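Here's the structure we're looking at; comments come further down.
The values are calculated or read from the model by the stated rules, or taken from the named source; none is laboratory data. Here the structure is a predicted model, which means the values were calculated and not measured. Using ideal geometry, Cβ is built from the backbone for each residue, glycine included, and neighbour counts are taken over all protein chains shown. Side chains included, ligands, DNA and RNA excluded: accessible areas come from the protein's heavy atoms. Shrake-Rupley method; radii C 1.70, N 1.55, O 1.52, S 1.80 Å.
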Amino acid sequence: LDPVLGGYFNTMRENKLLDLMNRKGKGPGGFCTSFATVGLPFIFMNSIGRGSDLRVLFHESGHAFHVFERINLPYHHQWRPGLEFAEVASTAMELLAEPYLAEDQGGFMSVEDAAVTRLLNLEEKLLFWPYMAVVDLFQHWVYENTLLARDPSNCDRVWGELWDRYMPGVDWSGFEEVKETGWQRKLHIHQMPFYYIEYGLAQLGALQVFGRSLQDQAAAVEGYRVALSLGGTVPLPDLFTAAGAEFALDAHTLGRVCSIAVNTINQLETLNTRQ
């Protein structure tokens, strides 16, 4: 994808800054952290050999590349952008790197398997936005109607109504209780109030970076790296602009980004002979 980014990854390999494979007694999950004194990132994962593990590695590598790019800023307060853009770095890296999984692009997957991997990722991202709307609107209702929200049955009702509005097309007959109690199973609602729309905003930026790469990959990667190097020194809209994206969640921008995803999905469907 890019020799500089490849160099960053090699640095992590050489310095044993990748703990990727699952093993007995290892903590769960996956994340990227950084060691400020030496200016290097560290990726922790629990890979078990599934295709989705690669997406996690690409995602966390995007966070790691963010560390490499902004580490030269003089003050540590400048290192951290808003969460909305931190996830642009990671999500964009998923989309930029995945095309190279296929054998005809130097990877190790068959063309068909690579197409399926990319299809699943893009479909998941398209379906995320309506779910994000359910979570975000539910939280607003809770905090605007605190007396009503004290009764779990009211929460069930509102969550169910929002689900039916934004997540149509699934028959929940016989499982209505499972649908309506979904708010109980979303960790962010209980532990990080109002932290969820950030993922949607970041995904909007990441897909724009990916769309730009389809026209001019070199320019897209260069803009991506420039935006990462700014850390938190400029406002969020300016970070999006540096990456070649627009910071807007309006119908026009969202429609344009959805078209990028749908058009790519349609192209990948022609490579997926398992249909």
(request) Take LEU95 and decide whether it is touching a residue at least 40 places away in the same chain (Cβ under 8 Å), under 16 Å from the mean Cα position of the chain (by Cα), open to solvent by 50 Å² or more (accessible area, probe 1.4 Å) and closer than 23 Å to LEU201 by Cα. (result) no
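For (1) more than 24 Å from GLN217 (Cα to Cα); (2) among the basic types (Lys, Arg), each residue gets a yes or a no:
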{"position": "ASN10", "(1), (2)": "no, no"}
{"position": "ASN22", "(1), (2)": "yes, no"}
{"position": "GLY30", "(1), (2)": "yes, no"}
{"position": "PHE35", "(1), (2)": "yes, no"}
{"position": "LEU40", "(1), (2)": "yes, no"}
{"position": "GLY49", "(1), (2)": "yes, no"}
{"position": "ARG55", "(1), (2)": "no, yes"}
{"position": "PHE65", "(1), (2)": "no, no"}
{"position": "ASN72", "(1), (2)": "yes, no"}
(request) State all residues of region 98-122 that are of a type in the set (D, E, K, R), under 25 Å from GLN215 (Cβ atoms) and open to solvent by less than 70 Å² (accessible area, probe 1.4 Å); if no residue qualifies, say none. (result) GLU98, ARG118
(request) Using the structure shown, decide if ALA149 is touching a strand residue (DSSP E or B) at 6+ places or on another chain (Cβ under 9 Å) and surrounded by 14 or more Cβ atoms within 10 Å (Cβ to Cβ). (result) no
(message) As an exercise: evaluate ARG150 against (1) in contact (Cβ under 8 Å) with a residue 24 or more places away in the chain; (2) out of contact with any Gly (no Cβ under 6 Å at 6 or more places or on another chain) and give the number of the one condition it does not meet.
(response) (1)
(message) Which count do you get for residues in region 194-215 that are closer than 12 Å to ALA89 by Cα and open to solvent by 50 Å² or more (accessible area, probe 1.4 Å)?
(response) 1
(message) So, in region 34-59, exactly how many residues are more than 19 Å from ASN72 (Cβ to Cβ), open to solvent by 40 Å² or more (accessible area, probe 1.4 Å) and among the polar types (S, T, N, Q)?
(response) 1
(request) Select from region 153-172 the residues that are surrounded by 13 or more Cβ atoms within 10 Å (Cβ to Cβ) and without any contact (Cβ under 8 Å) to a residue 24 or more places away in the chain and write down the one among them that is farthest from LEU54 (Cα to Cα). (result) ASN154
(request) Restrict the check to region 58-68 and report whether at least one residue is free of Cβ contacts under 8 Å to residues at least 12 places away in the same chain and in contact with a Pro (Cβ under 8 Å, 6 or more places away or on another chain). (result) no
(request) Report those helices (runs of 4 or more DSSP H) wholly inside region 86-201 carrying at least 1 residues which are of a type in the set (Val, Ile, Thr) and under 27 Å from PRO237 (Cα atoms). (result) 111-144, 187-191
(request) Please specify each residue of region 216-240 satisfying the condition of being open to solvent by 20 Å² or more (accessible area, probe 1.4 Å), of a type outside the set (Lys, Arg) and in a helix (DSSP H, G or I). (result) GLN217, ALA218, ALA219, GLU222, VAL226, SER229, LEU236, PRO237, ASP238
(request) Determine whether VAL4 is open to solvent by 30 Å² or more (accessible area, probe 1.4 Å) and aliphatic (A, V, I, L, M). (result) yes
(message) Which condition from (1) open to solvent by 20 Å² or more (accessible area, probe 1.4 Å); (2) touching a Leu at 6+ places or on another chain (Cβ under 8 Å); (3) hydrophobic (A, V, I, L, M, F, W, C) is the one that VAL178 breaks?
(response) (2)
(request) Please identify the pairs in which a residue from region 71-84 that is assigned to a loop (DSSP other than H, G, I, E, B) has its Cβ atom under 7 Å from the Cβ atom of a residue that is modelled with pLDDT of 90 or more and open to solvent by 50 Å² or more (accessible area, probe 1.4 Å), counting only partners at least 6 apart or on another chain. (result) LEU73/THR233
(message) So, in region 241-263, how many residues would count as being in a helix (DSSP H, G or I), surrounded by fewer than 18 Cβ atoms within 10 Å (Cβ to Cβ) and not β-branched (Val, Ile, Thr)?
(response) 8
(request) Would you mention how many residues in region 61-88 are closer than 21 Å to ARG13 by Cβ, under 16 Å from the mean Cα position of the chain (by Cα) and open to solvent by less than 20 Å² (accessible area, probe 1.4 Å)? (result) 5
